[in-house]
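The values are calculated or read from the model by the stated rules, or taken from the named source; none is laboratory data. Note that this is a predicted model, so its numbers are computed, not measured. Note that each Cβ is placed from the backbone with ideal geometry, even for glycine, and that neighbours are counted across all protein chains shown.
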Amino acid sequence: MDFVIRPEQRVSARHYDTVVAGGGTGGVFAAIAAARCGAKVALIEQKGYVGGIAAEGGCGLHSFFNLGRAFGVDKRMVVRGIPEEFIQRLHAVKGCSGHNETILRYEYDDDALCVDVEAYKFVALEMLREAGVHVMLNTFVADALRSGDLVNGVITESHQGCEAVMGKVFIDATGYGDLCARAGASYTEPNDYSVVNSMGVGGIDIDKYFAFLRDNGALNEYARGPRDGRDDQLIRVDGNYAKISPELAEAANLIGMSSTTTTLHDNYLMFIKINHKMASSPTDRDALANAEHELRRRQRVAIELLRKTIPGAENAFIARTAPTITIRRARCVECEYDITNEEVVNGTHFEDDVLSYGFHDNAPRMQIKNGGTYGLPYRSIIVKNKANLLAIGMMITSDHDAHMSTRNTVSCMAMGQAAGTAAGLCAKAELGGVRDLPYRELYDGLKQGNVWFDAEVYK
Ligand SMILES: Cc1cc2nc3c(=O)[nH]c(=O)nc-3n(C[C@H](O)[C@H](O)[C@H](O)COP(=O)(O)OP(=O)(O)OC[C@H]3O[C@@H](n4cnc5c(N)ncnc54)[C@H](O)[C@@H]3O)c2cc1C
């Protein structure tokens, strides 16, 4: 490969207390939390909207609750704070189903919560602006400025050109771990999941689709809730194509098509996921472009398959696709503490818990003991060997099974509130590093933000 030397460049610099890289699932809540602590906050997002994969790729938001019914214990809301406040705001504009019961497979998730992705993007942006966050959309974090173990700023690129965004505490919420990598943090690239493009399918009769699955004994789970202004409608359906026909199952398998989907509108399935396993990590630009192409090819095959085989889907068409591939992880960033699956399933809580969580994506094979929760310690979002850098979302937790829990949307949101609160409190107390923040202050700040501590380990 040929090389060139990039000339030194004088760029304009803006100054903030807290800089959040990535305005996705976790980053939105980090920025709001920091701003509510009084910090001057910049949120830098490469796309033209905020919300990340929660507004692009998933199905339901897993999960605000513990597995109450499955274990015959109290069903309680274990994630509250700003994430639940957001859900209430979304519900008020009919942008989500609210919390509903899962029918049949409640030992997986006891909360069927479906979102309208466009409302999600809008309400999240409104809340950020109300909190006074400077939301920089269409802006890419391209590099980090650092000295010793400190991150001093990030270099951004936008249509306006190159800028430096300087700060005191930085939060990497890019999913990919772009900021941590540029800042010289240690990381691995496990490439242990498929990448996905998730499409919205229009022109489909939901009730016929559901009846077909039910009549073939192929229903895994479903949920009922509000749809297009009417209560008690289907809002979530998961089928087992193998029970319909081996041919359908094999055809769906060939294109990595998942049958789990949600809806808040008549004649519309919000998410049909098409998966593809890449040979290399999704940070590989050209391999990623090939995967984008392959997934769009597979989506076309999927829509034909639906039209041909599912009654009610004869007129189905692709109404929406994710603007870019969605990933379950790319880089895994090394933090001070790395929670294990043993700690997750045993419901371990720590003296420096910043959140409680009760969902495991491998359930019912792996569930949190006795339908309880585990805690995520503050240490597990502090980037190793960096004084003022926190990492949240899918990029933490190296243990694949533990990651099957920590990476889910509601956990990422709660991590966001934790990191933003820590960063905001550091700014207020003029602390040089995130380790200088006494846990007592963080705990009090989280309590003030209505965070639920399911086990009061800290006294
Ligand atoms: C297909 C799929 C289905 C899933 N289904 C579910 C589900 O049903 N329920 C569930 O709870 N979880 C689900 N998950 C898991 C969950 O959605 C993710 O783990 C979680 O949303 C990740 O949140 P995050 O904040 O880490 O990343 P993201 O939500 O991806 O946010 C990262 C943000 O950073 C931005 N960004 C990235 N790089 C840069 C840069 N250099 N500069 C500026 N901005 C940048 C991105 O544009 C994005 O907005 C699913 C995941 C996938 C991929």
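Restricting the search to the stretch 191-248, which residues are part of a strand (DSSP E or B) and of a type in the set (Asp, Glu)?
Narrowing the stretch 191-248 to residues part of a strand (DSSP E or B): 195-202, 219-227, 230-239.
Across the stretch 191-248, the qualifying residues are 221, 231, 232, 238.
Output the residue which, of all residues in the stretch 383-405 that are assigned to a helix (DSSP H, G or I) and either of a type in the set (A, V, I, L, M) or surrounded by 24 or more Cβ atoms within 10 Å (Cβ to Cβ) (or both), is farthest from the chain's Cα centre (by Cα).
So, considering only residues that are assigned to a helix (DSSP H, G or I) and either of a type in the set (A, V, I, L, M) or surrounded by 24 or more Cβ atoms within 10 Å (Cβ to Cβ) (or both), the one farthest from the chain's Cα centre (by Cα) is 402.
Does the stretch 158-187 hold any residues that are touching a helix residue (DSSP H, G or I) at 6+ places or on another chain (Cβ under 8 Å) and more than 12 Å from the ligand (Cβ to nearest atom), and which are they?
Our first condition is that a residue be touching a helix residue (DSSP H, G or I) at 6+ places or on another chain (Cβ under 8 Å); within the stretch 158-187, this holds for 168-177, 180, 187.
The answer is 168, 169, 170, 187.
Which condition does residue 73 not pass, out of (1) surrounded by fewer than 24 Cβ atoms within 10 Å (Cβ to Cβ); (2) more than 21 Å from residue 360 (Cβ to Cβ); (3) of a type in the set (Val, Ile, Thr), if it passes all the others?
(2)
On the given criteria, is residue 232 assigned by TED's automatic domain parsing to the domain that holds residue 274, touching a strand residue (DSSP E or B) at 6+ places or on another chain (Cβ under 8 Å), of a type in the set (Asp, Glu) and at positive phi?
Values: assigned by TED's automatic domain parsing to the domain that holds residue 274: yes; touching a strand residue (DSSP E or B) at 6+ places or on another chain (Cβ under 8 Å): yes; of a type in the set (Asp, Glu): yes; at positive phi: yes.
Answer is yes for this residue.
Scan the stretch 43-62 and tell me whether some residue there is farther than 29 Å from residue 156 by Cβ, in contact (Cβ under 8 Å) with a residue 60 or more places away in the chain and among the hydrophobic types (A, V, I, L, M, F, W, C).
At the first step, the residues of the stretch 43-62 found to be farther than 29 Å from residue 156 by Cβ are 59-62.
With the extra rule that they be in contact (Cβ under 8 Å) with a residue 60 or more places away in the chain, the set shrinks to 59-62.
Going one step further and asking which of them are among the hydrophobic types (A, V, I, L, M, F, W, C), we end up with 59, 61.
Yes; the residues of the stretch 43-62 include at least one that is farther than 29 Å from residue 156 by Cβ, in contact (Cβ under 8 Å) with a residue 60 or more places away in the chain and among the hydrophobic types (A, V, I, L, M, F, W, C).
Any residue that is assigned to a helix (DSSP H, G or I) and either buried (at least 19 other Cβ atoms within 10 Å of the Cβ) or in contact with a Cys (Cβ under 8 Å, 6 or more places away or on another chain) (or both) - is there at least one of those in the stretch 254-274?
No, the conditions are met nowhere in the stretch 254-274.
Taking the residues in the stretch 306-334 that are assigned to a loop (DSSP other than H, G, I, E, B) and of a type in the set (S, T, N, Q) as candidates, determine which candidate is surrounded by the most Cβ atoms within 10 Å (Cβ to Cβ).
That would be 324.
Which of (1) at pLDDT below 95; (2) on the phi < 0 side of the Ramachandran plot is the odd one out, the single condition residue 312 does not satisfy?
Among (1) at pLDDT below 95; (2) on the phi < 0 side of the Ramachandran plot, the lone unmet condition for residue 312 is (2).
Restricting to the stretch 100-145, give me the number of residues that are in contact with a Leu (Cβ under 8 Å, 6 or more places away or on another chain) and within 21 Å of residue 32 (Cβ to Cβ).
Residues meeting the conditions: 12.
Could you go through the stretch 340-352 and let me know if any residue there is within 16 Å of the ligand (Cβ to nearest atom) and within 14 Å of the chain's Cα centre (by Cα).
Looking for residues that are within 16 Å of the ligand (Cβ to nearest atom) and within 14 Å of the chain's Cα centre (by Cα), one finds none in the stretch 340-352, hence no.
Of all helices (runs of 4 or more DSSP H) completely enclosed by the stretch 1-97, which ones contain at least 3 residues that are within 16 Å of the ligand (Cβ to nearest atom)?
27-36, 81-92
From the list 144, 112, pick out the single residue that is under 24 Å from residue 415 (Cβ atoms), of a type in the set (A, V, I, L, M, F, W, C) and in contact (Cβ under 8 Å) with a residue 60 or more places away in the chain.
112
Filter the stretch 428-459 for residues that are touching a Cys at 6+ places or on another chain (Cβ under 7 Å) and under 21 Å from residue 77 (Cα atoms) and give the result.
445
Surrounded by fewer than 21 Cβ atoms within 10 Å (Cβ to Cβ) and under 18 Å from residue 123 (Cβ atoms), is that true of residue 80?
yes
With the condition kept exactly as written, say whether any residue in the stretch 424-439 is in contact with a His (Cβ under 8 Å, 6 or more places away or on another chain) and not in a loop (DSSP other than H, G, I, E, B).
No.
Residues in the stretch 319-328: is at least one more than 16 Å from the ligand (Cβ to nearest atom) and either within 24 Å of residue 53 (Cα to Cα) or of a type in the set (Asp, Glu) (or both)?
There is at least one residue in the stretch 319-328 that is more than 16 Å from the ligand (Cβ to nearest atom) and either within 24 Å of residue 53 (Cα to Cα) or of a type in the set (Asp, Glu) (or both).
Is there a residue in the stretch 61-68 that is surrounded by fewer than 23 Cβ atoms within 10 Å (Cβ to Cβ), in the same structural domain as residue 25 (by TED's automatic domain parsing) and over 19 Å from the mean Cα position of the chain (by Cα)?
Looking for residues that are surrounded by fewer than 23 Cβ atoms within 10 Å (Cβ to Cβ), in the same structural domain as residue 25 (by TED's automatic domain parsing) and over 19 Å from the mean Cα position of the chain (by Cα), one finds at least one in the stretch 61-68, hence yes.
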